[in-house]
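Shown next, in structure tokens, is the structure this report addresses.
Every read-out reported here was derived from the displayed coordinates using simple, explicitly stated rules and does not represent laboratory data. It should be emphasised that the depicted structure is a prediction, and the values quoted were computed from it without experimental measurement. A quick note on method: Cβ atoms are made from the backbone with ideal geometry, for glycine too, and the neighbour counts reach across all protein chains shown.
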Amino acid sequence: MSTSLLPQRIAFLGDYLPRLCGIATFTHDLSEAVASAAPDADCYVGAVNDRVEGYEYQQRVRFELLEKDLDSYRRAADFLNFNNADVLCVQHEFGIYGGPAGSHLLALLKEVRMPVVTTLHTILREPNTSQRKVMEELVRRSDRLVVMAHKGAEILRETYGVPDAKVDIIPHGIPDMPFVDSSFYKGQFGVEGRKVLLTFGLLGPGKGIEHVIEALPEIVRQHPNVVYLILGATHPQLVAREGERYRLSLERLAEERGVKEHVIFYNRFVSQEDLKEFIGATDIYLTPYLNEAQITSGTLAYVFGAGKAVVSTPYWHAQELLADGRGVLVPFRDPTAITAGVCGLLDDPPRKEKIRHDAYAMGREMIWPAVAQRYLESFQHARSDRKASPRAAFAGWTLASRPYDLPPLRLDHIVRMSDGTGIFQHAIFNVPNFHEGYCTDDNARAFILCNLLDELGGQPPAENLGKLATSYLAFLAAALDYTSGRFRNFMSHERRWLEEAGSEDSHARALWAAGTGAGRSRNDGHRRLAAQLFERGLAVVASFSSPRAWAFTLLGIHEYLRQSASNTAVNEARVVLTEKLVTLWKSCATEHWPWFEPSATYDNARLCQALIFSGQWMPHPEAFEIGLKSLRWLASIQKTQSGHFRPIGSNGFYQRDGARADFDQQPVEAQAMVSACLEAFRATQDPAWLREAKRAFEWFLGRNDLGLPLYDSSTGGCGDGLHHDRVNENQGAESTLAFQLSLAEMNCAEHLITDPLRPAV
């Protein structure tokens, strides 16, 4: 390939040392190796931070972005563009970027103008919906994809339709270590004369270390001089979530099995130089991982390339690396097989030595200098491809194609309206109105908002968001009458329920919120309680007569099924409620009135959205088409000649064959249209729906009949409605939540906007 295509400015993006994770180590090692292999190139790194204060980085790091701050991804793209990077090498793992399934990364990739080479550290054969959408967009926006095993290329081809010509198979890089006898290093660790078994890496339940400890009593019986060294700190995210519970459980297990004298825990993240010495002292390396779908293991690559005998469970990377007798594969979760594998090697030194020599020979292709050369070839290939099919550099910067400039998140008024009980219903201007108390409707909306914001990340801090979510969920739990299965709605400021059962609509909104918590929450307690509330309150909906209650429940069902797709009762309820809406449509809709009822009243777009969801995922093609057709009509009657959004007014609504009410326009109508149109876009990929969503969202910001904003950027609140002559200046919970939910959904959807300048794969 022509040397003219050698990049002179190479940018790397990923976690970076001193952050403690495998991707950080990989990004560091790769960037250093490429810098050494191309000494005339300017190699620099963009580091992804998982905390606001960042880290003390080396000079190689030129820019930083905050994992959960969407705007920082756009700023990073601007930095890369203005610094004229020749190629961007992205390290991809779903969990290191913000947004659902790491979707914030797409905001950066949409904006950068240089070729992109993406290294895939995880490739899922059975992704969930969010993961598939992100992966497909990531594939589309990358010029080259790097995988570390042939299995990765196979999955890309079979699951995502990626042509082999776009994929480079480059092994995980390893340091160049000498081939030495393990006894050379044992003295400094005080294990002279002992056989050392090693597992290293960030500690977590997926490592399967408990199965090795279960195997140790029999291994020690046959080889009393064995010691098992477990090297590595507990994963920081696991520590934050549950402390050292997993490590302590392993220590207790070793004591219970009588092998505590044969197990050493070294609870720290070691430097590469220290790691070389630990590996050097190893006789057999163990990777008893529990998940077959692990396409890459840096620890396995390190030890294998150093010429060590390996006993491993057959996850994908191990299957490939240890094939043809280059190691020992044992079944998952099988201590007896681990015993046989370890003792078989210890009992047969010539076999162990042959395995070592074969592994070391193959490992010469994996040392970082060799890997760096392969990456440079991939970078050249990406630049060649881009020259053959260039991106339109200037056309992409027009206002029409730049990301829509959304207001920053501001939750001051939500916090002001909330106390330990929940969120107040109403406000007098921007002051909570205690006299009106609380309601389930608004606490349900607020709980949904907290779950969406937690997925998006950014502000407010997670602990503040968690506190708000806890209050709102606790309100919903108190609202449910477990005897009747009905949610109450209204509560006084003195915390007295004002009715035995709320309306059908409020009950269904509570189910929608509970389903969202069950399907989305990352808080285990929240998720389990929300699922319980959803399951307890679902059965009574079959007797409801409100179409909006059916629709809200269907939205909750969709959320619940994110995590419990096989629940028979919930799936059956979806079928029943979907048929109710379809039957209602057929009984009322005409060519000139394609609607579910003789009048269009409130939260209208939710009926359409529910059928789009159910129609797509059941699947039910007829329901899906009804959802789109009714939403198309609704959009047409809520659009003025000048092109702005005009929701059906609540002062009379819109009766068939009658005049429609233009005022009082309610924020919930705009929010319902935003949600439904975004879902229509996700389902159809028709950009017209994005334009409709944007039109409805801009109603909040002043693109409306009066040209006045309802959203108050100084407080984060939203006016209660648009009258014929003024904005209702009271900033109640329903209205404020309608805006904040719309903003969250617009942020969630922004990265899904198709870039017409970039051809599909």
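Counting only GluC sites (Glu not before Pro) that sit in a DSSP loop (anything but H, G, I, E, B) with at most 10 other Cβ atoms within 10 Å, what is the longest stretch of the chain containing none of them? Numbers along the way, then the final one.
Numbers: sites that count: E53, E56, E192, E494, E500, E591.
In short, 193-493.
Treat the count of other C-beta atoms within 10 Å as a stand-in for reagent exposure and order V303, V90, V431, V220 from fewest to most. Intermediate results must be reported in sequence, preceding the final value.
Working: V303 30, V90 25, V431 12, V220 19.
Going from least to most buried by this count: V431, V220, V90, V303.
Report the relative contact order of region 412-750, percent, no decimals, based on alpha-carbon pairs under 8 angstrom and at least 6 residues apart.
Details: 653 pairs, mean separation 55.0, N = 339.
Once normalised by length, the contact order is 16 percent.
Using only Cα atoms and rounding to the nearest 10 degrees, what angle (0 to 90) does helix 605-617 make with the longest principal axis of the chain?
40
Looking at the square roots a ≥ b ≥ c of the eigenvalues of the Cα gyration tensor of region 183-362, which shape do they give, rounded for a/c under 1.5, prolate if a/b is larger than b/c, or oblate?
Numbers: a/c = 1.30, a/b = 1.18, b/c = 1.10.
Verdict is rounded for region 183-362.
Working out 0.36 nm times the residue gap between S714 and N84, then minus their Cα-Cα distance, what length gain in nm do you get to one decimal? Before the final figure, lay out each step's value.
Working: separation 630, 0.36 × 630 = 226.80 nm, distance 3.77 nm.
223.0 nm is the gain from fully extending S714 to N84.
Enter the angle in degrees (range 0 to 90, nearest 10) between the Cα long axis of helix 335-346 and the first principal axis of the Cα atoms of the chain, meaning the one along which they spread out most.
Computed tilt is about 30 degrees.
Can you tell me the FRET efficiency between E729 and K260 if r is taken as the Cβ-Cβ distance and R0 is 56 Å, rounded to the nearest 0.05?
0.20
Which trypsin sites (Lys or Arg not before Pro) from region 2-107 combine a DSSP loop assignment with at most 12 other Cβ atoms within 10 Å?
On the way: sites: R9, R19, R51, R60, R62, K68, R74, R75; in loops: R19, R51, R60, K68.
Passing sites in region 2-107 are R51.
Go ahead and run the numbers for FRET between E625 and E192, Cβ-Cβ distance against an R0 of 60 Å, rounding to 0.05. Could you put the intermediate results ahead of the total?
On the way: r = 75 Å, r/R0 = 1.26.
Step by step, r from the Cβ atoms, then E = 0.20.
So for M148, M618, M135, fewest C-beta neighbours within 10 Å to most, what's the order? Each step should come with its number before you reach the end.
Details: M148 27, M618 14, M135 23.
Sorted ascending by nearby Cβ count, the order is M618, M135, M148.
Give me, ordered by chain and number, the residues 5 or more places off L409 or on other chains with an amide H under 5 Å from its own placed amide H.
Amide H neighbours of L409: none.
Whose amide H sits under 5 Å from the amide H of C43, counting only residues 5 or more places off or on another chain, with H placed in the peptide plane?
I10
Past the 28 Å Cα-Cα mark, which pairs from K133/K467; K68/K133; K166/K694? It would help to have the intermediate numbers written out before the result.
Working: K133/K467 31 Å; K68/K133 19 Å; K166/K694 35 Å.
Distance filter (> 28 Å) returns K133/K467; K166/K694.
Can you work out ³J(HN,Hα) from phi for every residue in region 477-488, in order, using Karplus 6.51 cos²θ - 1.76 cosθ + 1.60 and θ = phi - 60°, giving whole Hz and x for Gly and Pro?
Karplus values, whole Hz, x for Gly and Pro: 5, 6, 6, 7, 8, 5, 6, 8, x, 10, 8, 7.
Using helices alone, I'd like the mean residue ellipticity at 222 nm for the chain: each DSSP H run of four-plus residues gives -39500 (n - 2.57), total over residue count, nearest 500. Provide the component values of the computation, followed by the final result.
On the way: 27 runs with 357 residues, N = 761.
Helix contribution divided over all residues of the chain: -15000 deg cm²/dmol.
Please give the FRET efficiency for E377 paired with A293, using the beta carbon to beta carbon distance and R0 = 41 Å, rounded to the nearest 0.05. Write down the numbers at each step before the final one.
Working: r = 28 Å, r/R0 = 0.69.
Efficiency, from the Cβ-Cβ distance: 0.90.
Using the Cα centre as the reference, give the magnitude of the dipole from point charges on the C-beta atoms of the chain (Lys, Arg: +1; Asp, Glu: -1; all else neutral), rounded to the nearest 20 debye.
On the way: 79 positive and 93 negative charges, 172 e Å.
It works out to roughly 820 debye.
Using a 7 Å offset from the Cα along the Cα-to-Cβ direction at both M362 and E273, what is the distance between the two label points in nm, to one decimal?
3.2
What is the fewest-to-most order of D69, D664, D283, D348 by other Cβ atoms lying within 10 Å of their Cβ? List each step's numbers first, then the result.
Values: D69 19, D664 16, D283 23, D348 12.
Neighbour counts put them in this order, fewest first: D348, D664, D69, D283.
All other residues with a Cβ under 13 Å from the Cβ of N291 taken together, and with Lys, Arg as +1 and Asp, Glu as -1, what is their net charge? Show your work: numbers first, answer last.
Numbers: positive: R125, K207, R333; negative: E126, E292.
After counting each charged neighbour, the total is +1.
Among rounded, prolate and oblate, which fits region 258-353 when a ≥ b ≥ c are the square roots of the eigenvalues of its C-alpha gyration tensor, a/c under 1.5 means rounded, and a/b larger than b/c means prolate?
On the way: a/c = 1.26, a/b = 1.12, b/c = 1.12.
It is rounded, given that a/c, with a ≥ b ≥ c, falls under 1.5.
Short version: ³J(HN,Hα) in whole Hz for each residue of region 10-21, in order, from phi by Karplus 6.51 cos²θ - 1.76 cosθ + 1.60 (θ = phi - 60°), x for Gly and Pro, what are they?
Each residue's phi maps through the Karplus curve to give 10, 9, 10, 10, x, 4, 8, 4, x, 4, 8, 6 Hz.
Would you kindly state how much longer the chain becomes between R245 and S36 on full extension, computed as 0.36 nm times their sequence separation minus their alpha carbon distance, in nm to one decimal? Intermediate results must be reported in sequence, preceding the final value.
Details: separation 209, 0.36 × 209 = 75.24 nm, distance 4.17 nm.
Length difference between fully extended and current span is 71.1 nm.
For K276, which lysines qualify as cross-link partners when the Cα separation must be under 29 Å and same-chain residues fewer than eight apart are set aside?
The reachable lysines, counting only those whose Cα sits under 29 Å from K276, are K151, K186, K195, K207, K260, K308, K352, K354.
In a shell of Cβ-Cβ distance under 13 Å around H223, excluding H223 itself, what net charge do Lys and Arg (+1) and Asp and Glu (-1) give?
In short, 0.
Where does the charge balance sit around R646 when Lys and Arg score +1, Asp and Glu -1, over other residues with C-beta under 14 Å from its C-beta? Before the final figure, lay out the partial values.
Values: positive: K639, R660, R695, R703; negative: D662, D664, E669, E692, E698, D705.
Overall, the nearby charge balance is -2.
Report ³J(HN,Hα) in whole Hz for each residue of region 724-738, in order, from the Karplus equation J = 6.51 cos²θ - 1.76 cosθ + 1.60 where θ = phi - 60°; Gly and Pro get x.
5, 10, 6, 8, 6, 7, 6, 9, x, 5, 4, 6, 5, 5, 4
Please report the antiparallel percentage of DSSP beta bridges with both residues in the chain, rounded to the nearest 5. Intermediate values should be presented prior to the final figure.
Numbers: 18 of 64 bridges.
Around 30 percent of the beta bridges assigned by DSSP in the chain are antiparallel ones.
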